[in-house]
1. Among (1) part of a loop (DSSP other than H, G, I, E, B); (2) touching a strand residue (DSSP E or B) at 6+ places or on another chain (Cβ under 6 Å), which single condition is E131 missing?
2. Please go through (1) part of a loop (DSSP other than H, G, I, E, B); (2) surrounded by 12 or more Cβ atoms within 10 Å (Cβ to Cβ); (3) modelled with pLDDT of 95 or more for E72 and return the number of the only condition it doesn't satisfy.
3. When the residues of segment 156-168 are narrowed to those that are out of contact with any Gly (no Cβ under 9 Å at 6 or more places or on another chain) and surrounded by fewer than 18 Cβ atoms within 10 Å (Cβ to Cβ), which ends up farthest from G120 (Cα to Cα)?
4. Does segment 62-69 contain any residue that is within 14 Å of ligand 1 (Cβ to nearest atom), part of a loop (DSSP other than H, G, I, E, B) and under 30 Å from L197 (Cα atoms)?
5. Show the residue pairs meeting these rules: Cβ distance below 8 Å; 6+ apart or different chains; first residue within segment 27-54 and among the hydrophobic types (A, V, I, L, M, F, W, C); second residue near ligand 1 (Cβ under 7 Å from one of its atoms).
6. Tell me which residues, restricted to segment 94-126, are in contact (Cβ under 8 Å) with a residue 24 or more places away in the chain, in a strand (DSSP E or B) and over 17 Å from the mean Cα position of the chain (by Cα).
7. Say we look at segment 73-89 and pick out the residues that are more than 10 Å from ligand 1 (Cβ to nearest atom) and among the acidic types (D, E); which of these is nearest to T55 (Cα to Cα)?
8. Take segment 129-150 and flag every residue that is among the aliphatic types (A, V, I, L, M), within 18 Å of V86 (Cα to Cα) and more than 13 Å from ligand 1 (Cβ to nearest atom).
Amino acid sequence: MSLVVDRWNELAEIKDELADRDWFMGTSGNLSIKVKDHPLEFLVTASGKDKRKRTNSDFLLVDHEGHPVEKEESKPSAETLLHCEVYNRVSAGCSLHVHTVANNVVSEIWGNHHEVVFKGQELIKAFDLWEEDAVLRIPIIPNHPHIPDLAEAFGEHIYSDRGAVLIRNHGITVWGRNGFEAKKLLEACEFLFQYQLSLMHAKNSLLNSTNI
Ligand SMILES: CSCCC(=O)C(=O)COP(=O)(O)O
Ligand SMILES: [Zn+2]
């Protein structure tokens, strides 16, 4: 099998798994996987498709500027430039973007702080943070409507082969050295977001019940 076919199948499997979690509401989300360096080429999801379905036109091969390598009927994701930022800045191999209710709510609650911070949570180890007092900081950037502006703001937070950035009231993008790592980080982030929101809700209920 060629490298492109290998990577295509790997990304298709990740797409199916994220679809099973219902993380592609309303055609949202986009995924990419690197095929080669020098010159950079990566597969990215086609724009506006129902990512819960598998078709022969789910992905396009694009270059370092996000332009299709060959003439295609479908268009690359409208947010391809964010994936370009990842591959042009670090040697990550996969980048995943999803919209969930939890990541949107967290991005709005902590948006004015420009980051959400997790400490004392086992799952921050997914980011290779093993020290007892380790802290995971996930930056939150504004949801610039102009994609090149959004990509520029996003790119300022890419300095490692693995990472995560929240886009306020939009979604999250994570990247890792390969598909396995990117998916692991995405699942860890969503766990932490859901935990944080459940904890706030539980504390609030407790407070209200003891005030009666
Ligand atoms: C309908 S979701 C709005 C666009 C978006 O944020 C997204 O993630 C999906 O865009 P794409 O062009 O990748 O389908
Ligand atoms: Zn999006």
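1. Failing condition for E131: (2).
2. The single condition E72 does not satisfy is (3).
3. E156
4. No: zero hits.
5. Correct list of pairs: L31/T45; L31/H97; V44/N30; V44/S77; A46/S77.
6. F118
7. If we take residues in segment 73-89 being more than 10 Å from ligand 1 (Cβ to nearest atom) and among the acidic types (D, E), then E73 is nearest to T55 (Cα to Cα).
8. Here is the first cut: in segment 129-150, the ones among the aliphatic types (A, V, I, L, M) are 129, 134-136, 138, 140-141, 147, 150.
With within 18 Å of V86 (Cα to Cα) added as a condition, the list becomes 138, 140-141, 147, 150.
Answer for segment 129-150, where residues must be among the aliphatic types (A, V, I, L, M), within 18 Å of V86 (Cα to Cα) and more than 13 Å from ligand 1 (Cβ to nearest atom): I138, I140, I141.
The values are calculated or read from the model by the stated rules, or taken from the named source; none is laboratory data. Quick caveat, the model's predicted, so the values are computed rather than measured. For neighbour counting, all protein chains shown are included, and Cβ atoms are generated from backbone atoms with ideal geometry for every residue, glycine included.
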